[in-house]
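Q: Here it is, the structure, as structure tokens.
The values are calculated or read from the model by the stated rules, or taken from the named source; none is laboratory data. Since the model is a prediction, treat every value here as computed from it, not as a measurement. Cβ sites come from the backbone with ideal geometry, for glycine too, and all protein chains shown count toward neighbours.
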Amino acid sequence: MSDSAKSRASETSSNYRDNSLEAALSAARRAFAEANPKSRDHNQMAATVLPGGNTRTVIYTPPFPLTIAKGENAYLWDIDGHRYVDFLGEYTAGLFGHSHPVLRKAIARGVERGLSLGGHNTDEAELARLIVQRFKSIELVRFTNSGTEANMMAITAAVGFTGRTKLVVFEGAYHGSVLRYPAGDKLSSNAPYDTEILPYNDVGTLERYFAEHPGQVAGALIEPMMGSAGCVPATPQFLQAVRDVTRRDGALLIFDEVQTSRLAPGGLQSVHGIDPDLTTVGKYLAGGVSFGAFGGAKAIMEQFDPRRKGGLSHAGTFNNNSITMSCGVAVLSELFDDRACAELNQRGDRLRKRINGLAAEHRVRMTASGLGSIMNIHFVDGPISDAWQAKRSSSDLRELLWLHMVQSGFWIAQRGMMSLSVLIEDEHVDGIAEAIRGFIQRYGHLFAR
């Protein structure tokens, strides 16, 4: 497009820009379909045995999803033979790239010891020790199979400890497959907890709610940075207010650090100097295999002591499975020390700053939110402070960005999310920054300020 045409596009009505976006998106979808016939055919075949050819909603991408053939180090290959630099990092779970040699050895070690032992094993106590050592607020810990389970068991612990049933959560939160609270939507698929949904980063509403409902709340469950909502960090003032009101009320504060615990050696709670009563972790902590954990103060977690009469039960066939326990020990003892954590998140901070610099340079409505190695691109002016702001970002522009990044050889989420692995190098960061620059130069007239 010529400079004069770009100028006309930026000066005309929003309807004209929307029509231009529709044309650009249609062309990008056609190019995508032409480049990926094997993935198209595979999805059609999969749809005969899976609803829509899919068993995990978030990874479905229109017009059809790419089928990944393999991953190695920082790269992915699809079945049509295209290679991508993996900037998605399995939505924060793939912190160590693909087929890391330390994790391959850990998996082999777990298999050699036996997969389904039906009893205690040596690695579970060692992994528990490493987690307790890493997170100051966790005195005792138990394992689950996912972050979803970890959060549900943390809620169970809060209800059992307080004798109350009300749960406070926040607009835009994602705490697992049956604990989703998107802004403006109520989901019938959620677990049926007695839930109050409050606005995120709103101290006044939070304090009023607790003042008007004294002694009713079992726990407040919060992500110190919302992930699914678009990498929206909580302000320090808001997190401190949540700590203060729960402590005064006798409710428990539950930090969901399933994603954010990778942003600092002791999680974001260590950055903010806040000790929650309970913490949940998962995803990357077992190197990419299924894992979750919940832990906290000894007095709360002792409810699950099987030696205790009348305590809480917590079942799960695979809670202490050999492979997960072995991988978890390897992650915390060999792979992700304080230095590796700091270097990774500094690289992420530099990339986010660079993206926001490109938006300012080209005067477009685009911002990269997030902290450290986790970020999300939005097509609105920043900063982003709640899920409602993030929701205003054009879904068509997000899809257009994703199609452009795929064509350029970079793998991100269609919603604009990225989470860097430790195998991402400066050359990869330079490459994706240039791809984003190219996207702005080609389509920036569609979201100009």
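Q: Looking only at region 189-225, filter to residues that are of a type in the set (Gly, Ala, Ser) and within 15 Å of Leu253 (Cα to Cα); which one of those is surrounded by the fewest Cβ atoms within 10 Å (Cβ to Cβ)?
A: Of everything passing the filter in region 189-225, Gly215 is surrounded by the fewest Cβ atoms within 10 Å (Cβ to Cβ).
Q: Could you list, in sequence order, all residues of region 50-75 that are free of Cβ contacts under 8 Å to residues at least 24 places away in the same chain, closer than 20 Å to Glu399 by Cα and surrounded by fewer than 17 Cβ atoms within 10 Å (Cβ to Cβ)?
A: Gly52, Asn54, Arg56, Thr57, Ile59, Tyr60, Ile68
Q: Okay, moving on. For region 425-444, state whether one or more residues are in contact (Cβ under 8 Å) with a residue 60 or more places away in the chain and over 29 Å from Gly81 (Cβ atoms).
A: Yes, the conditions are met somewhere in region 425-444.
Q: Can you name the residue in region 1-40 that is of a type in the set (Lys, Arg) and at pLDDT below 50 and is also farthest from Leu446 (Cα to Cα) among such residues?
A: Arg8
Q: Considering only region 318-356, how many residues are among the polar types (S, T, N, Q), in contact (Cβ under 8 Å) with a residue 60 or more places away in the chain and surrounded by fewer than 16 Cβ atoms within 10 Å (Cβ to Cβ)?
A: Total satisfying the criteria: 1.
Q: Could you tell me whether any residue of region 91-114 is modelled with pLDDT under 95, in a loop (DSSP other than H, G, I, E, B) and of a type in the set (Gly, Ala, Ser)?
A: yes
Q: Pick from Ser228, Ser137: which is over 24 Å from Met375 (Cα atoms), at pLDDT 95 or above and outside the structural domain of Met375 (by TED's automatic domain parsing)?
A: Just one listed residue meets the conditions, Ser137.
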